[in-house]
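Take a look at the structure set out below.
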Amino acid sequence: MKRFRARKRQTSSPGAGKGISILDAIRDARLFWPWFAKKPESWAAWLAFLAALFALEMTPAQLQLYRKCTGRKKPPISVARYAYLICGRRAGKSFVLALVATFLACFFDYRPYLAPGERGTIMIVASDRRQARTILRYIRALLKQVPLLARMIERETAEGFDLDNRVTIEISTASMKSVRGYTVVAALLDEAAFFTTDEGSASPDAEIVKAIKPAMSTIPNAMLLLASSPYAKRGILYEAYRDHFGKDGDPTLVWQADTRTMNPSVPQSEIDEAYAADPATASAEFGAQFRNDIESYISLDAILACVSEGIYERPAERGVTYSAFLDPAGGSGQDSYTLAIGHRDAPTGMAIVDCIREAKPPFSPEETTAAFAATLKSYGIKKVLGDRFAGEWVREPLRKHGISYDPSAKAKSDLYRDVLPLINSRKIDFLDHKRMIQQFVGLEMRTSRAGKPSIDHAPNQHDDLSNAVAGLIANIGVRRYRYDSSMSWVGTGHVDDTETFRAGRITRYLFSGGLIR
């Protein structure tokens, strides 16, 4: 094969290293060409993207694709430090992330910017371990099946590779804690629109990027590449699209393309079927368009205004009638088995959450049921309501412990709908439970094709705790309330409770994807 020599633009980025571009490496039979040789025409859009990412000179066809997918007219003149790739499913994002990671690790020299004994890390952040393993398999093949690169491997671990040029390629899952403590020469985030976290954050993708950027600060040519199918109009992916798409000269590159543009080998018939079944979902998953039918259920400020800070559980008291709601799970899947206990405060009519229990998988359903039954008895509870879909199997085990179980008359979405005005009117006293808070904030309102709204958790997230608490509050029954639409109570209970602070919180609420429009 005749070797292709890409003409590179002059850039100010140091460390461009060994004088070979990523397009050179792709078209070199000794390097990455075997992965592209079978259907080179199907990779045309990806070659255009890589040319844009590394500011390489483009062919007329590549420039046309660049203009279509970036909304820009002028090609970039410098390597992108920050790039956002918004593409449909099965477009090939994971492989391209692995390719970029391998190229940066092997063909850039970061040693001038590393202290003695320090290693530069190319971090691949995925939404979960399964996705991380997929990318790692691609990287392993790209390294080990190319003899020139295989010689660079000093050590292989379950999480990545150490190379002999003081670069480590390492897989990490989506947690703002796990990405700290590194010198990051490149960070590549896969499916970031679907990141989930237990940190209690309403925007886990933003928190992860905030944690990564300082780790890149000492490397002049460090790169952050975030790739994902789009989802709702919120989060760092949408913000990048809103702020940077279509703007010539902007150093932040945003590339948006549907599945077939990036990977024409995906059958059109499969995409047509998806659009016929659910146009809103297909438009996001294959068309790479942000969804218009999804809104946030509640804001973080509204939830925090109902939280008793520092109160994690309230003991049972004499003379108080307690209620409970159970959301059972089988123990071997992804769902937790949860219990919420509370009461109605007679003087104020507020719903008070007193106790929350969660068993994360894996667990024994029988042992967990016995433990929860003991907790119910300690609050004098002999009857519990529960999820009407998941809880039928638990009826008999609870009966053995002297607890009767009745399924909820309302579906989960209806429970969330009913509890929303109580939160907004501050008629609930929540415990200071971070996972419960995160789950409430992560709930979404969706509108079906028939126009019917529903409330549920986002993809890759959970609502076992929030479901139990919402069911508890519906079971307690709260005195009729007057809805406070002024939102003047938001901010009460915080250290800085000035009018300026409250106004700032309301402003952040209005623009954070909350329910007020």
Kindly check whether there is at least one residue in region 375-387 that is in contact with a Lys or Arg (Cβ under 7 Å, 6 or more places away or on another chain), within 21 Å of residue 352 (Cβ to Cβ) and touching a residue at least 24 places away in the same chain (Cβ under 8 Å). yes
If I filter region 71-90 for residues that are over 22 Å from residue 21 (Cα atoms) and out of contact with any helix residue (DSSP H, G or I) (no Cβ under 8 Å at 6 or more places or on another chain), do I get at least one hit? yes
Determine, yes or no, whether residue 40 is of a type outside the set (Ser, Thr, Tyr), at pLDDT below 95 and buried (at least 17 other Cβ atoms within 10 Å of the Cβ). no
Which pairs turn up if I take residues in region 90-109 that are among the hydroxyl-bearing types (Ser, Thr, Tyr) and look for partners that are assigned to a helix (DSSP H, G or I) with beta carbon separation below 8 Å, at least 6 apart in sequence or on another chain? 94/131; 94/134; 94/135; 94/138; 102/139; 102/142; 102/143; 102/149
Test for residue 317: is it assigned by TED's automatic domain parsing to the domain that holds residue 92, free of Cβ contacts under 8 Å to residues at least 12 places away in the same chain and either buried (at least 20 other Cβ atoms within 10 Å of the Cβ) or of a type in the set (Asp, Glu) (or both): no
Does residue 388 meet the test of being at negative phi, modelled with pLDDT under 95 and among the charged types (D, E, K, R)? yes
Residue satisfying condition, being at pLDDT 95 or above and in the same structural domain as residue 433 (by TED's automatic domain parsing), within set 346, 324: 324
Scan region 413-434 residue by residue and report those that are in contact with a strand residue (DSSP E or B) (Cβ under 7 Å, 6 or more places away or on another chain) and surrounded by 15 or more Cβ atoms within 10 Å (Cβ to Cβ). 413, 416, 417, 422, 427, 428, 429, 430, 431, 433
Among (1) modelled with pLDDT of 95 or more; (2) on the phi < 0 side of the Ramachandran plot, where does residue 71 come up short? (2)
Tell me which of these residue 235 doesn't satisfy, since it passes every other one: (1) surrounded by 15 or more Cβ atoms within 10 Å (Cβ to Cβ); (2) under 30 Å from residue 108 (Cα atoms); (3) small (Gly, Ala, Ser). (2)
Looking at (1) modelled with pLDDT of 95 or more; (2) more than 23 Å from the chain's Cα centre (by Cα); (3) farther than 23 Å from residue 373 by Cβ; (4) not charged (D, E, K, R), which is the one condition that is false for residue 316? (3)
Of the conditions (1) closer than 26 Å to residue 294 by Cα; (2) at pLDDT 90 or above; (3) in a loop (DSSP other than H, G, I, E, B), residue 471 satisfies every one except a single condition; which number is it? (3)
So how many residues does region 116-136 have that are outside any loop (DSSP other than H, G, I, E, B) and either touching a residue at least 24 places away in the same chain (Cβ under 8 Å) or among the hydrophobic types (A, V, I, L, M, F, W, C) (or both)? 14
Being among the basic types (Lys, Arg) and assigned to a loop (DSSP other than H, G, I, E, B) is the filter here; which residues of region 377-418 pass it? 382, 388, 410
Among the numbered criteria (1) over 24 Å from the mean Cα position of the chain (by Cα); (2) assigned to a loop (DSSP other than H, G, I, E, B); (3) of a type in the set (Asp, Glu), which one does residue 335 miss? (1)
Being at pLDDT 95 or above and aliphatic (A, V, I, L, M) is the filter; apply it to region 149-165 and report the residue that is surrounded by the fewest Cβ atoms within 10 Å (Cβ to Cβ). 150
Among the residues of region 343-352, is any buried (at least 21 other Cβ atoms within 10 Å of the Cβ), of a type in the set (S, T, N, Q) and out of contact with any Cys (no Cβ under 9 Å at 6 or more places or on another chain)? no
Of all residues in region 264-305, how many are more than 30 Å from residue 436 (Cα to Cα), touching a residue at least 60 places away in the same chain (Cβ under 8 Å) and under 24 Å from the mean Cα position of the chain (by Cα)? 5
In region 53-102, which residue that is of a type in the set (Ser, Thr, Tyr) and surrounded by fewer than 18 Cβ atoms within 10 Å (Cβ to Cβ) is nearest to residue 34 (Cα to Cα)? 59
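For (1) without any contact (Cβ under 8 Å) to a residue 24 or more places away in the chain; (2) under 19 Å from residue 127 (Cβ atoms); (3) β-branched (Val, Ile, Thr), each residue gets a yes or a no:
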residue	(1), (2), (3)
190	no, yes, no
227	no, yes, no
251	no, no, no
259	no, yes, yes
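The values are calculated or read from the model by the stated rules, or taken from the named source; none is laboratory data. Every value quoted in this text rests on a predicted model; they were computed, and no experiment measured them. Note that each Cβ is placed from the backbone with ideal geometry, even for glycine, and that neighbours are counted across all protein chains shown.
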